[in-house]
Amino acid sequence: METFEGGLRTAEDVETLSGERCLAVLPRVSSGLFSRESVASIAQTVVDKPFSEYTEAVRSLRASLLLSRERREAQSVMITSCVPGEGKSSLALSLARMSAMMQVKTVIVDVDFRRSRTTAAIGGQEALGLQDVLRGDAELDEVVVKDAHSDLYVLP
């Protein structure tokens, strides 16, 4: 049956197809499209359940990013996908919260102008954001929002 199913199922599948090393495989947390509430609840897992399977996978990804030989002083991570509902916002917020909880200064730049799920997940308002700063209508310190559950900051 697996022979006839398309898609990638294991880290080995990813590595074989892409020719690149797979940094981590995260367990499925929820099915269907993520709602604003589930982005918040999934990312809250790293705070509330530090030994859950999901948290361990995020921790493993963070360690892989830090130990990557290609890293060379990189201080930014971009999470993207061409398919909606795959968990980009949940992963970004989880990874950022974990870093912030480890005393690393962390800021998420939430550039989803249509559905700002990361900002909504931390309870931030979308009144002012990156576009306002770039236009000169607001100062950076006026728009950055602090996460209530960690030392993470979000730039909407």
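Roughly what angle does helix 53-67 make with the longest principal axis of the chain, taking Cα atoms, 0 to 90 degrees, to the nearest 10?
So the helix axis and the longest Cα principal axis differ by about 80 degrees.
Under 10 Å from the Cβ of LYS88, count the other residues' Cβ atoms, weight Lys and Arg +1, Asp and Glu -1, and hand me the total.
-1
Taking a probe of 1.4 angstrom, what is the accessible area of GLU20 in Å², to the nearest 10?
Surface open to solvent at GLU20 totals about 120 Å².
With a ≥ b ≥ c taken as the square roots of the eigenvalues of the C-alpha gyration tensor of region 44-112, please select rounded if a/c is under 1.5 and otherwise prolate if a/b is larger than b/c or oblate if it is not?
Values: a/c = 1.40, a/b = 1.02, b/c = 1.37.
Cα axes put region 44-112 in the rounded bin.
Once R0 is set to 30 Å, what does the formula 1/(1 + (r/R0)^6) return for the Cβ-Cβ distance between PHE4 and LEU26, expressed as a FRET efficiency to the nearest 0.05? If you can, show how the numbers build up before the last one.
Numbers: r = 25 Å, r/R0 = 0.84.
The formula returns an efficiency of 0.75 here.
Sort ARG62, ARG9, ARG117 by heavy-atom solvent-accessible area, probe 1.4 angstrom, most to least. Kindly include the intermediate steps, with their values, before the conclusion.
Details: ARG62 35, ARG9 140, ARG117 55 Å².
Final ranking, largest accessible area leading: ARG9, ARG117, ARG62.
If you count, for each residue, the other Cβ atoms within 10 Å and average over each peptide, how do 94-102, 82-90 line up from highest to lowest?
Values: 94-102: 21.1, 82-90: 15.3.
Taking the mean over residues of other Cβ atoms within 10 Å, the ranking is 94-102, 82-90.
If R₀ is 30 angstrom, what is the calculated FRET efficiency for the pair GLU56 and LYS146, using the beta carbon separation as r and rounding to 0.05? Intermediate results must be reported in sequence, preceding the final value.
Numbers: r = 26 Å, r/R0 = 0.88.
Here the calculated transfer efficiency is 0.70.
Heavy-atom accessible area per residue, the chain, 1.4 Å probe: how many Å²? Don't jump to the answer; show the numbers that get you there.
Working: 10580 Å² over 156 residues.
Solvent-accessible surface per residue comes out at 68 Å².
Within the chain, which is the longest segment containing none of the chymotrypsin sites (Phe, Trp or Tyr not before Pro) that sit in a DSSP loop and have at most 10 other Cβ atoms within 10 Å?
Values: sites that count: PHE4, PHE51.
The reported range is 52-156.
Under a plain spin-label model, where a point goes 7 Å from the Cα along Cα-to-Cβ, how far apart in nm are SER64 and VAL47?
2.6 nm
Can you compute the FRET efficiency between VAL83 and LEU128 using 1/(1 + (r/R0)^6), with r the Cβ-Cβ distance and R0 = 30 Å? Round to the nearest 0.05.
Working: r = 30 Å, r/R0 = 0.99.
The pair VAL83/LEU128 has a calculated efficiency of 0.50.
Tell me, what % of the accessible area of the chain is carbon and sulfur with a 1.4 angstrom probe?
On the way: 5570 of 10580 Å².
Solvent-exposed carbon and sulfur of the chain make up 53 percent of the total.
The values are calculated or read from the model by the stated rules, or taken from the named source; none is laboratory data. Everything numeric here is computed off the predicted structure, so don't read it as measured data. Ideal geometry is used to build each Cβ from the backbone, glycine not excepted, and the neighbour counts take in all protein chains shown. Please note that ligands, DNA and RNA were not included when accessible areas were found on the heavy atoms of the full protein model with its side chains. Shrake-Rupley method; radii C 1.70, N 1.55, O 1.52, S 1.80 Å.
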